[in-house]
Amino acid sequence: MSKEINIPEIIESKRDQYPVAAATVERFFNESIVLLRKQMEFSLRERGDYFWPLAEKILTIDQNLGGDPIKALLEYTLAFLREQASFMKTGNYRYDTDSFNDAFAEVYDNPDVMENFYLEGLLVTHVFWPIHLDMHRFFEDHFLSAITTEKSIGAEFGFGHGLYLYEILKKFPDTYALGFDISKYSLSYAQRLLEKNGIAKDRFSLDLGDVRQPLALESNSLDWCVFAEVLEHIPNPKEALTEISRCLNPNGHVFITTAINSNALDHLWHFNNMDEVTDMLSSANLQIVSSVELPLSNYDSKTKDPTIDCAFVCTPTK
Amino acid sequence: MTDITQSLQDVFREVFDDEEIVITDDMTSENIEEWDSMMHINLIFACEQKFGLKFALAEIASLRNVGELKAIITSKSTT
């Protein structure tokens, strides 16, 4: 039996220390009564110590971009749930490995999706979806702590909203980041996110790039890489991982995440279980240093949703 | 029991796979343990199909109880 919580009391107790988060959480509970309510109650009850500082950080970033986090969150979550409900009925993802161009046209190159809700919605799921909150914690605890070179250079492939690049550049003042994404809308959003949140322009370079192609980077040239929520979006994930392994120096680390049995607006590679993911990492010359497996049932034992998110920190095997 | 209430009760019984469910206007997600976000969407889909209508984002996100769901269905059915 889970312990009872008094939400208005919790919000009041956090308002001085985390004003942006407290105001947004209050708005959430006032406006969206059913959708995500149980997840939010879980986070406040079970993840409070981690939830509040992270929520303040991400919601302040969003505020600096002039966002409307609740609207974006709800639209993104609804779009996601519609796709997942369809998957649970049919067993099929929206796209398959032959239809990447359709996903590109309908999602990554579509301003009605990317600018209206996708990028901001995905950003704030790190606060409002407990599964993404835990993923973020793994990123901080296991990946950021693995970056030990003071003057490092690294890259994120498929940076989307740009939050991971922000976290790395903020924590390591002497690091330089490259970023590549297939969407021009991601490019402008992430550029704005970094600049509006105090990251100097001369510390990063973002560009359009396609991880389905060989990477235009020298072997052993990167100290760190981020490859988060990309594997399930491309038709050749093993080749992309192999390229990343090639570009990392032997002591470098890569942060990788993916989703198992989890459909979305733009997923096309269907992992059925954790072994399929770890086998792919191993065949792409990557050795797992640490990992986390996050079934949705961790957060709601009654759910029939088979989603499992997972994250890894790997080094190249050379 | 009105036609809409009866039909809505059928939807609830089918979605939650429970023939014992008896809906009331003040019933909320707190009263049915399985009523999580995914089941909420399945409930909305089933209502859209059963009543031949579409719910707006704000309506889906902020439904408080069965009475509000019935009110939306009634208003959309009569417009």
Residue among A:TYR118, A:GLY91, A:GLY66 farthest towards the positive dipole end of chain A, charges placed on Cβ: A:GLY66
A:SER13-A:ASP102 pseudo-label distance in nm [points 7 Å out on the Cα-to-Cβ vector]: 5.0 nm
Using only the alpha-carbon atoms, how far is helix A:274-283 inclined from the longest principal axis of chain A? Give it as 0 to 90 degrees, nearest 10. 20 degrees
Rule-of-thumb check for chain A: C-alpha Rg over 2.2 N^0.38 Å? 0.96
Please build a GNM for chain A, connecting alpha carbons under 10 Å apart, and tell me which residue among A:ARG246, A:ARG137, A:ARG15 fluctuates the most. A:ARG15
Lys/Arg Cβ at +1, Asp/Glu Cβ at -1, dipole of chain A taken about the Cα centre: which of A:ALA22, A:ILE168, A:THR242 is farthest positive-ward? A:ALA22
Quick one: which residues, 5 or more positions from A:ASP309 or on another chain, have an amide H under 5 Å from its amide H? H modelled 1.01 Å from N in the peptide plane, none for Pro or chain starts. A:ILE260, A:LEU294, A:LEU296
Could you give the dipole magnitude of chain A about its Cα centre, charging the beta-carbon of Lys and Arg +1 and that of Asp and Glu -1, in debye to the nearest 20? 440 debye
Rg/Rh for segment A:120-159 to two decimals, with Rh computed the Kirkwood way over all alpha-carbon pairs. 1.06
Residue exposure sequence - A:ASP181, B:ASP25 - by fewest surrounding Cβ within 10 Å: B:ASP25, A:ASP181
For segment A:7-64, what ratio Rg/Rh do Cα atoms give with a Kirkwood hydrodynamic radius? 0.93
Under 16 Å from the Cα of A:LYS89 - lysines, other chains or at least 8 residues apart: A:LYS304
Can you give the angle from 0 to 90° between the axis of helix A:48-64 and the longest principal axis of chain A, with both taken from C-alpha atoms, to the nearest 10? 80 degrees
Taking R0 as 51 Å and r as the Cβ-Cβ distance between A:ASP207 and B:GLU68, the FRET efficiency 1/(1 + (r/R0)^6), rounded to the nearest 0.05, comes to 0.60
Whole-percent pair-distance distribution, where bins are 10 Å wide, for the alpha carbons of segment B:3-77: 19, 64, 17
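Every number here is computed from the coordinates shown, using simple stated rules; none is lab data. Just so you know, these numbers come straight off a predicted model, no measurement behind them. For neighbour counting, all protein chains shown are included, and Cβ atoms are generated from backbone atoms with ideal geometry for every residue, glycine included.
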